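A short reminder: the numbers here are calculations on the coordinates, not readings from a lab. Not measured: the values here are computed from a predicted model. Cβ sites come from the backbone with ideal geometry, for glycine too, and all protein chains shown count toward neighbours.
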Amino acid sequence: MSQRPASSPFRISMRDIARRPGTQRTVSESFPAPAVLGTDVIGVPEGAELRLDVSLESVSEGIWVSGTVMAEAVGECGRCLDEVRQQVAAPVQGLFTVDDVHADDEEGEPEDVFQFDGETVDLEEVVRDAVASELPFTPLCRPDCPGLCDQCGARLADDPDHAHDAIDPRWSALQSLTEEKES
Ligand SMILES: [Zn+2]
Ligand SMILES: [Zn+2]
């Protein structure tokens, strides 16, 4: 899972602008997601198109990346289990630094700071974080999805008046009498 082949579409060579503060370049590319981006309940499926529009700017610490990632996430409604599709347009932002990312790291890993080897930025993590931050914890097919009947599992959206009659207590008493006779 953590293997990143050299051919990863997220890896972008910075040789032309690295160590030349003030220079910049834009990247506008669409490519199939090499792996799922998201969670178990909703995510951009592997192979789905990702649209990446970022500007890469050479700064004294390394490379400053900012832009947008767009994709369609697919998931499951947390109430009725129907498919949920959601357009994601997430802001991407991060500093790729040649300095040690963990140098003055006392309160956990700093956000939006990534390691840069001086030659290639790997946007996978920053894009992954950006997409994840736009996805709901509990996807819903619609905000007022009524979910499923807790007794029979029927979809309540299809049948708003769905109800189960409570068994008449007199009838159930009679029924248990009959059962006693039979046994
Ligand atoms: Zn639903
Ligand atoms: Zn039911």
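Quick look at the values:
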quantity: Between segment 114-154 and segment 28-73, the Cα center-to-center distance that results, in Å; calculated: 13 Å
quantity: Bins of 5 Å, starting at 0 and running to the largest distance - Cα pair percent for segment 11-145; calculated: 2, 11, 18, 18, 16, 13, 10, 6, 4, 2, 0
quantity: ³J(HN,Hα), Karplus 6.51/-1.76/1.60, whole Hz, each residue of segment 64-70, x for Gly, Pro; calculated: 9, 10, 8, x, 9, 10, 10
quantity: Orientation-averaged projected area, Cα convex hull of segment 1-71 (nm²); calculated: 5.5 nm²
quantity: Sequence of Arg11, Arg128 once ranked by neighbouring C-beta atoms within 10 Å, starting from the fewest; calculated: Arg11, Arg128
quantity: Positive-end extreme of charge dipole, segment 107-153 - chosen from Leu135, Leu123, Val113 (charges on Cβ); calculated: Leu135
quantity: Computed over segment 11-145: relative contact order in percent, which uses C-alpha pairs under 8 Å that are six or more apart; calculated: 26 percent
